[in-house]
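Please read the structure below before turning to the comments.
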Amino acid sequence: MAKSTGFTAAQLYLIAYNSLCSVGWAYVLALAVPSFVRSALSSRDDGLLDALRSAAEQLYSATPETAGFGSHGDVSLARVLIVVQCAAMLEIVHAALGIVRSPLLVTSLQVGSRIVALHMIVNSVVAQSKFHLDLYIYIHICVYMHTFVCLHLIPCCCHYHSHHHLLLRL
């Protein structure tokens with residue numbers, strides 16, 4: 001019997017979900033990197049390390065304007081981060097409904113802890129000054145992770161599509 005090459009509704013949904021998450025995290029990255037570079041270059045007279053430290057401390061308040069996109073809004077990076085990370089709550093729903101093969105308790109703890117940690121950092125200036133490098137690493141991982149999962153769901157994009165149930169967890 002011939003195998004169907006069509007996508008199930010769940011696969012289409014997961015492709016859309018991971019595509020949107022990837023775009024969201026890419027937007028966060030697009031705000032963070034140019035804002036960091038512009039801030040570091042504007043304060044380079046203070047010395048390289050001080051300029052980098054100052055730029056990193058201002059990371060969470062980055063906006064489209066500080067990233068060089070013009071004055072298209074004043075939504076800070078912190079606000080965008082909260083929206084994009086809270087979208088991960090759908091991963092709990094995915095596990096509960098059996099759309100993905102992830103244990104519900106583990107998924108809930110992972111997603112919940114990331115959201116709580118993010119809210120604590122966003123609401124604390126002291127924490128923001130200590131967790132800026134971690135944020136860059138985390139943003140890169142999220143962009144690549146959601147892109148990987150999305151492409152892994154599409155058989156023509158990955159030779160190992162039989163393992164599409166593998167979702168990387170942070």
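The values are calculated or read from the model by the stated rules, or taken from the named source; none is laboratory data. A quick note: this is a predicted structure, and the numbers were derived from the prediction, not measured. Using ideal geometry, Cβ is built from the backbone for each residue, glycine included, and neighbour counts are taken over all protein chains shown.
Remarks
- Flag if L104 is in contact (Cβ under 8 Å) with a residue 12 or more places away in the chain, over 23 Å from Y27 (Cβ atoms) and not small (G, A, S): yes
- Top-ranked residue in the stretch 7-35 [being at pLDDT below 90, of a type in the set (F, W, Y) and under 17 Å from the mean Cα position of the chain (by Cα); ranked as nearest to V84 (Cα to Cα)]: W25
- Residue match in the stretch 99-108 (condition: of a type outside the set (G, A, S), in a helix (DSSP H, G or I) and within 21 Å of Q11 (Cβ to Cβ)): yes
- Long-range neighbours under 7 Å by Cβ, at least six apart or interchain, first residue free of Cβ contacts under 8 Å to residues at least 40 places away in the same chain and assigned to a loop (DSSP other than H, G, I, E, B) within the stretch 49-67, second among the polar types (S, T, N, Q) and surrounded by fewer than 20 Cβ atoms within 10 Å (Cβ to Cβ): A62/S76; T63/S76; E65/S71
- Residue satisfying all of: in the stretch 136-149; at pLDDT 75 or above and in contact with a helix residue (DSSP H, G or I) (Cβ under 7 Å, 6 or more places away or on another chain); surrounded by the fewest Cβ atoms within 10 Å (Cβ to Cβ) among these: T147
- When V75 is tested against the conditions (1) surrounded by fewer than 18 Cβ atoms within 10 Å (Cβ to Cβ); (2) outside any helix (DSSP H, G or I); (3) in contact (Cβ under 8 Å) with a residue 24 or more places away in the chain; (4) not acidic (D, E), the lone failure is (3).
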